[in-house]
Each structure stands twice: as structure tokens, then as C-alpha cells.
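K.L.:
Shown below is the structure under consideration.
We did not get these values from a lab; they are worked out from the coordinates using the rules stated. Here the structure is a predicted model, which means the values were calculated and not measured. Backbone-built Cβ (ideal geometry, glycine too); neighbour counts: all protein chains shown.
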Amino acid sequence: MLIDPRQRLAQLFESAVSAADPNRAIRAYLPRPPKGRTIVVGAGKAASQMAAAFENVWDGPFEGTVIARHGPTAPCQRIHVVQAAHPEPDEAGLHGAAHLLNLVRNLTKDDLVIALISGGGSALLPAPPRGFVLQDEVILNRALLRSGAPIAAMNIVRAHFSQIKSGRLAAAAYPAQVISLIVSDIPGDNPAFVASGPTVPQIYTAADALDVIRDYRIELPEPIMAEIKASNAPDYRSDAFKNNTVHVIASSALSLESAAATARGFGLDVHILSDSIEGEAKDIGLMHAALAREIALKNRPFKKPVVILSGGETTVDMRDGVNGKGGRNSEFMLSFALAIDGIAGITALAADTDGIDGSELNAGVYGHHETAARLRQLGLNGREFLSNHDAYSAFERIGDLFVTGPTGTNVNDFRAILVE
């Protein structure tokens, strides 16, 4: 039906990313310049792009620092951009987090703090509790990432092992006004979970963090466990947060709606399953494949031709000790492709809206009914790649990587399935 289904899917991704562009959203949420100082702080994969967008529209004096991941950044004239490691924290992030805390201390009620927060900020803002060092936060982060726990659950734990997360940065700025502008990568868009909420306190307690550790069988050294058990995150009802305002300016829901509108412009029927799907990537791949097969073979529950969209954040449980190349979107797609093997007319794209799937250089991958067959033609077994968490290598061999480079935003996973 379509000359190039992959091109159409790429256009849907571009539409989703464009809808999350900070330049389109920040202006609407900024107040008038205050009587006192304006301090800009921020962290996340979109930090430099958000900072550059702020500089373009703010009419008044300001100063500030944001922390972004290593790699290309948007040029800023006055806001200092610190680059740190993601997904594993490093010394640059440690010093950057300490600098942000120092920036907002000793402010007055006439001052204003603009917090530019996006996904990825948890790793970029390491600030272990007193008596602990960076390596302790690295150990915690590794254990969380390998556990397969959803991002919200991981950030409940992170919030109880930090001097900056769960509203502590905003509390340090009191009595200044704090306005948080948030690009959400969290299913459900709870702002307290984005970057573990440096300016937004959680309602969850140390007991909730311990429940997460138990439920996901996360093994941590005893000193870290003791610290989490004894931790006291800021109370969200505290006066320290009475001058705070929070805006989610970009999210998966908004991006999926934009992609859906683009698909309708192509003359296609389109359905959004959900913007907050979570679970093991390979299992979510099987669920999407079952739906695609039902449409392709029985023309239900949706009639062909149709585009199916979904978002959220899947996970990959790495506790089996196997560590290949690839991210959650690549693993999702390999599972999906194996399950639609030989069923013609199905093409799909799964990608991370930040442009980086896991630790590799691709945003995601394409999959279709010939993926498994093309691997077999090369003498390769797709299920071996899947069991080895090495989906990137499989798609690299058949030339189906989807590469965009960093996009400057981050609103979670994007999945689009076209059934012709």
C-alpha cells in the first residue's frame, strides 16, 4: 500500500519528537522577571536544549547551570552546561549536583529559581548522603538498572539515598519562588519521578523504598540498606514547598497525539494503545505482536490499514549475568519480529525519543515480517540474540538500525506498528 512504510514510521517519530521540543513549550509557562535574582538550574537529557530555549525567551537578567549527558549539546550564551555521565554517575555529575545546591542557597522571597528538568537527571545528579561516596551511588544505580524494576519504582529508591532528589533542591532554595518546567519520561507523568524529582517531593516513604527493594529482589550492601531505612525524605506538605509551581511541558501523551495526527494526514486509521505501558521489553513485544497478527490475519480488533501507537518505558532484567549490546527498544522489537515471522504486511519502529536506545548510538530499530528470515539467511538465530540481550547486534547485521542522533528531548519510548 505504501511505497516505503519505514519512511512513514520515521515521519511519525519525527512528529512525536517535534511535539516535545522545549522551544515550543517553555515560553507559555514563564512568569514575569522577579524583583530579585533569577537562577536557572536543571538536569537531564534535554537540559541544554531547555536552557537554550529559556535564553531565547527570557526578558531579564539571570544566571545558572544545567547538567546534561556527555555528547552534543545546544549552545548556551549565559547558562553554564556541565556534561556528566549517563546511565552510570561520574565525578562530573557529583560536582555538578553540589554546584546546583550551592547556587540556590541563601536566596530570598524576592528571588526566582527556574528548574529545567528532564529524564536522565537521576544519573546526572549524584549526591550521596553524608558519609557515603560516589561509588556507593554507582553501586545502587547498577543494582537498580539490572533489576528490571520500572523507572518509577527505581526513583522511589533513589530518592531515599540522596542529598538533592525528592524536592531537596527546591527545599534548599526556600523562601525563593521555584518554578519547575518538566519534560516527562515517566509513564503517567508524575513529576516527582522525573529525574527523581530534585524540585518535586515524593509522597513515598523509606518503607516504600524498602518494599521496592524486596519486591524486585535488589541486592544492596548493608550500609546502603541501613541508610535507606533511616532516611527522611522531605515532606511534600512542608512550608519549604509552598512557593513552588510545577508544569509538565512535554510528555509521551502529547507526542503520541502528534504522531497520530500525522498518521491521519497520511490517510491512515490510527489507534493509541497507551502512553504508559511498562513491563519486560520482550513480553511487551509479544503482546504487541499478538495484536498485529490479529489485525493482519483476521482484520480485528482494528481494520486494515492501520497504525498502532504506544509509549511508556519497558525494562530489561539483566540479573541473569548476560550483557549483550542494545537497549529496551531493540529487545522489544526483536521479540516482536520473531513473533510475527512470515506474516506479511507488518512493519514497525521502536525507538527512544531521546535518540539513544540504551548505551548504543541508535535511537531504535525497525522490524517487519522478514526480520527473522533475514537473520536465518545469514546463519543467525534471532532467539539466541534475544536470550543474550544482544538485539542491537542482530539488527546491525541486517541493516535495520534507526539512527537519529540525540534529539534534545526525552518523553520515553515510541512504538509504531503499521499493518497494511
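K.L.:
Here are some pairs, Lys304/Lys325; Lys45/Lys304; Lys229/Lys325; Lys282/Lys304; Lys45/Lys282; which of them have Cα atoms lying more than 31 Å apart in this structure? Write out the running numbers ahead of the final one.
P.N.:
Details: Lys304/Lys325 35 Å; Lys45/Lys304 37 Å; Lys229/Lys325 35 Å; Lys282/Lys304 25 Å; Lys45/Lys282 25 Å.
In this structure, Lys304/Lys325; Lys45/Lys304; Lys229/Lys325 lie more than 31 Å apart at Cα.
K.L.:
Please list log₁₀ I(q)/I(0) at q = 0.16, 0.21, 0.28 Å⁻¹ for segment 50-123, using the Debye equation with identical point scatterers on the alpha-carbon positions.
P.N.:
These q points yield log10 I(q)/I(0) values of -0.61, -1.01, -1.47.
K.L.:
Between Leu380 and Asp239, 0.36 nm times their residue separation minus their Cα-Cα distance comes to what?
P.N.:
Stretched fully, the Leu380-Asp239 segment lengthens by 44.7 nm.
K.L.:
Taking a temperature of 20 °C and a viscosity of 1.002 mPa s, what whole-number D in µm²/s does Stokes-Einstein yield for segment 21-250 with Rh from Kirkwood over alpha carbon pairs? Walk me through the numbers before you get to the answer.
P.N.:
Values: Rh = 17.3 Å.
It diffuses with D of about 124 µm²/s by this estimate.
K.L.:
Same structure again: Which helices of the chain meet both criteria: a Cα extent of 15 Å or more along the helical axis and a mean Kyte-Doolittle score no lower than -1.0, with helices taken as whole DSSP H segments?
P.N.:
Values: long enough: 5-19 (22 Å, -0.18); 47-57 (16 Å, 0.44); 91-104 (20 Å, 0.76); 134-147 (20 Å, 0.14); 252-265 (20 Å, 0.36); 281-298 (25 Å, 0.47); 328-339 (17 Å, 0.47).
Helices passing the filter in the chain: 5-19, 47-57, 91-104, 134-147, 252-265, 281-298, 328-339.
K.L.:
Taking every eigenvalue of the Cα gyration tensor of the chain, multiplying by 5 and rooting it, what semi-axes result, largest first, whole Å?
P.N.:
On the way: eigenvalues 287, 122, 60 Å².
Square roots of five times the eigenvalues give 38, 25, 17 Å.
K.L.:
Ranking request for peptides 33-41, 126-134: highest mean number of other beta-carbon atoms within 10 Å first, then the rest in descending order. Intermediate results must be reported in sequence, preceding the final value.
P.N.:
On the way: 33-41: 18.6, 126-134: 16.8.
Highest to lowest by the protection proxy: 33-41, 126-134.
K.L.:
Can you tell me the Rg and Dmax of segment 156-250, counting just the alpha carbons, in angstroms?
P.N.:
Reported Rg and Dmax, both Å: 13.8, 41.
K.L.:
Then there's this: Using the crude model of +1 on Lys and Arg Cβ and -1 on Asp and Glu Cβ, and no other charge, please compute the dipole size for the chain relative to its Cα centre, in debye to 20. It would help to have the intermediate numbers written out before the result.
P.N.:
Numbers: 38 positive and 46 negative charges, 129 e Å.
Rounded to the nearest 20 debye, it is 620 debye.
K.L.:
For the chain, what is the percent of antiparallel DSSP beta bridges, rounded to the nearest 5? Provide the component values of the computation, followed by the final result.
P.N.:
Working: 21 of 58 bridges.
Here the antiparallel bridges make up roughly 35 percent for the chain.
K.L.:
Tally Lys and Arg at +1 and Asp and Glu at -1 over the other residues with C-beta under 10 Å from the C-beta of Ala250: what net charge comes out?
P.N.:
Working: positive: Arg24; negative: Asp21, Asp185, Asp189.
Net of charged neighbours comes to -2.
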